[in-house]
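What follows is one structure encoded as structure tokens, with my remarks underneath.
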Amino acid sequence: MVGRIDKRLAELRITLPDPPTPKGNYSPYVQTGNLVFLAGQLPGDDVMFIGRVGDTRSAEQAQIGARQCALNLLAQLRKACSGDLDRVVRCVKVTGWVQAIPEFTGHPAVVNGASDLFVEVFGEAGKHARAAVGAPSLPRGALVEVEAVFEIR
């Protein structure tokens, strides 16, 4: 039986990727009580998502990268929920880091790429507290990295 959130993903024409494998000594998610803490996700190894906003890449490219990070987060969340995203009660907190030149100040607009996706998928339950931060570098040269905390039942 296809759940409500799977139907919503299909309506949005979204296919979640396979959950990325950790590239270090950490867990991609940790559940404590009814909270799932998702480790930071990168947008992938596509060359479009490598570089620095304001130097080699645009804020728009980074926003697309943040959306890809959110898709990777949802893939990890689905795994944490044993395949059933209908268990999600709400998105609690999102933190995004944007690799950018010091003069760049549009970090919130970039991280909206992730935030907007969560609201598209979960509606009001996708709204969350958030931090959007600039960084001089990120793992593997990524434009953006996003982590999230979700409440599940």
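Computed from the coordinates by the stated procedures, all read-outs in this text should not be read as laboratory data. This is a predicted model, so every value here is computed, not measured. Neighbour counts run over all protein chains shown; Cβ positions are idealised from the backbone, glycine included.
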* Asked: Once the piece of chain linking residue 140 and residue 153 is laid out straight, how much longer is it, given 0.36 nm per residue of separation minus the C-alpha distance between them?
  -> 1.2 nm
* Asked: Over what distance in Å are the Cα centres of the range 44-84 and the range 116-153 separated?
  -> 9
* **Counting DSSP beta bridges with both ends in the chain, the antiparallel % (nearest 5)** => 70
* Distance in nm between label sites at residue 35 and residue 23, each 7 Å beyond Cα in the beta-carbon direction? -> 2.8
* Structure fact -> Listed by chain and number, the residues whose amide H is under 5 Å from that of residue 134, excluding neighbours fewer than 5 places away on the same chain and using placed H, are 98
* Per residue and in Å³, how big is the convex hull formed by the alpha-carbon atoms of the range 40-142? -> 87
* Asked: Farthest toward the dipole's positive end in the range 15-153, which of 126, 143, 26, given Cβ charges of +1 (Lys, Arg) and -1 (Asp, Glu) about the Cα centre?
  -> 26
* To do: Could you give the size of the charge dipole of the range 5-153 about its Cα centre, using +1 on the Cβ of each K and R and -1 on the Cβ of each D and E, expressed in debye and rounded to the nearest 20?
  => 280
* **Cross-link reach list, lysines versus residue 127, counting only Cα pairs under 17 Å and skipping chain neighbours closer than eight places** => 93
